[in-house]
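All remarks here apply to the structure that follows.
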Amino acid sequence: MEALRILAITHVAAGIISLVTGLIAMTTQKGGKLHRKSGKVYFYAMTYVFISAVFLSSIKFIPFLFMISFLSYYGCFAGVRILKLKKLHKGQQPKVYDWGAGILTILAGISFVSYGGYYIIFANPSYIAGLSIFFGVFTIQSGFSGIWKFIKRPKDAMYWWNFHISAMMGSYIAATTAFLVTIGRITDFNHWILWVAPALIGVPFSVYWQKTYTKKFAKA
């Protein structure tokens with residue numbers, strides 16, 4: 001039990017670090033020194049958050065933590081890996097773990113949809129079942145989006161930039177959602193708004209940044 005307590009504490013600490021460094025990376029100059037350093041810390045912190053979340057959610061049976069951990073981490077993983085694979089003309093040449101991460105994410109998303117469907121059909125339907133399906137669909141889409149870049153060669157020379165922004169923003173939105181829902185569970189404020197508020201705020205920012213930099217690249 002002591003080991004489990006330490007794991008939970010370090011999980012929370014890594015989560016806070018990821019939220020802080022992720023915010024720094026988003027609000028600083030893209031490609032700058034602070035952006036790259038904070039982004040690197042964010043990636044390693046999220047890696048620990050993912051591993052610890054899988055253990056904790058499996059042992060304590062916390063479905064939402066298990067679900068959100070896959071969605072948040074794959075965005076982070078794919079967002080970093082795309083910077084290593086940005087080869088438009090020679091092909092991306094993904095590694096085995098690139099394929100594996102995408103396939104595992106898709107399978108995780110299918111399990112989330114199945115979990116929500118089971119509760120709707122055989123148990124008492126609740127907003128958790130609906131959210132499970134909702135996030136499951138997004139998890140499946142996230143995995144397919146990453147793999148599709150390996151199957152079909154992108155035509156846009158700056159495709160990797162938009163993918164990096166959308167993937168990392170998706171990761172941060174999911175991580176923020178997990179944080180807010182956890183706080184809600186602790187404070188007994190289990191409201192559906194905690195699940196959707198980060199997306200309602202974060203998605204418009206992601207779209208704005210992609211359009212802004214697309215225009216800058218077009219002018220250059």
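Overview of results
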{"quantity": "Criterion: among the hydroxyl-bearing types (Ser, Thr, Tyr) and more than 25 Å from Thr28 (Cβ to Cβ) - qualifying residue of Ser166, Ser171, Ser111", "calculated": "Ser111"}
{"quantity": "Complete set of residues in segment 122-137 that are surrounded by fewer than 16 Cβ atoms within 10 Å (Cβ to Cβ) and either in a loop (DSSP other than H, G, I, E, B) or modelled with pLDDT of 85 or more (or both)", "calculated": "Ala123, Asn124, Pro125, Ser126, Val137"}
{"quantity": "Residue pairs meeting the criteria (Cβ under 8 Å; at least 6 apart or on separate chains; first closer than 18 Å to Ala199 by Cα, in segment 147-172; second part of a loop (DSSP other than H, G, I, E, B) and at pLDDT below 80)", "calculated": "Asn162/Asp156"}
{"quantity": "Qualifying residue in segment 141-149 (condition: at pLDDT below 85 and in contact with a helix residue (DSSP H, G or I) (Cβ under 9 Å, 6 or more places away or on another chain))", "calculated": "yes"}
{"quantity": "Meets criteria (touching a Cys at 6+ places or on another chain (Cβ under 6 Å) and either in a helix (DSSP H, G or I) or of a type in the set (D, E, K, R) (or both)) for Ser166", "calculated": "no"}
{"quantity": "Failed condition for Val196, given (1) modelled with pLDDT of 85 or more; (2) within 16 Å of the chain's Cα centre (by Cα)", "calculated": "(1)"}
{"quantity": "Subset of segment 176-198 [more than 17 Å from Ile62 (Cβ to Cβ) and either assigned to a helix (DSSP H, G or I) or touching a residue at least 12 places away in the same chain (Cβ under 8 Å) (or both)]", "calculated": "Thr176, Trp192, Ile193, Val196, Ala197, Pro198"}
{"quantity": "Ile68 being modelled with pLDDT of 85 or more, assigned to a helix (DSSP H, G or I) and β-branched (Val, Ile, Thr)", "calculated": "no"}
{"quantity": "Hits in segment 139-157 - residues which are surrounded by fewer than 17 Cβ atoms within 10 Å (Cβ to Cβ) and not small (Gly, Ala, Ser)", "calculated": "Gln141, Phe144, Trp148, Phe150, Ile151, Lys152, Arg153, Pro154, Lys155, Asp156"}
{"quantity": "Some residue of segment 64-73 being within 18 Å of the chain's Cα centre (by Cα) and small (Gly, Ala, Ser)", "calculated": "yes"}
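Okay, residues lined up against (1) touching a residue at least 40 places away in the same chain (Cβ under 8 Å); (2) under 21 Å from Gly136 (Cα atoms); (3) in contact with a Phe, Trp or Tyr (Cβ under 8 Å, 6 or more places away or on another chain); (4) outside any helix (DSSP H, G or I):
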| position | (1), (2), (3), (4) |
| --- | --- |
| Leu19 | yes, no, yes, no |
| Lys30 | yes, no, yes, yes |
| Gly39 | yes, no, no, no |
| Ser57 | no, yes, yes, no |
| Cys76 | yes, yes, yes, no |
| Tyr97 | no, no, no, no |
| Gly100 | no, yes, no, no |
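The values are calculated or read from the model by the stated rules, or taken from the named source; none is laboratory data. Keep in mind that what you see is a predicted model, and the values were worked out from it rather than measured. Note that each Cβ is placed from the backbone with ideal geometry, even for glycine, and that neighbours are counted across all protein chains shown.
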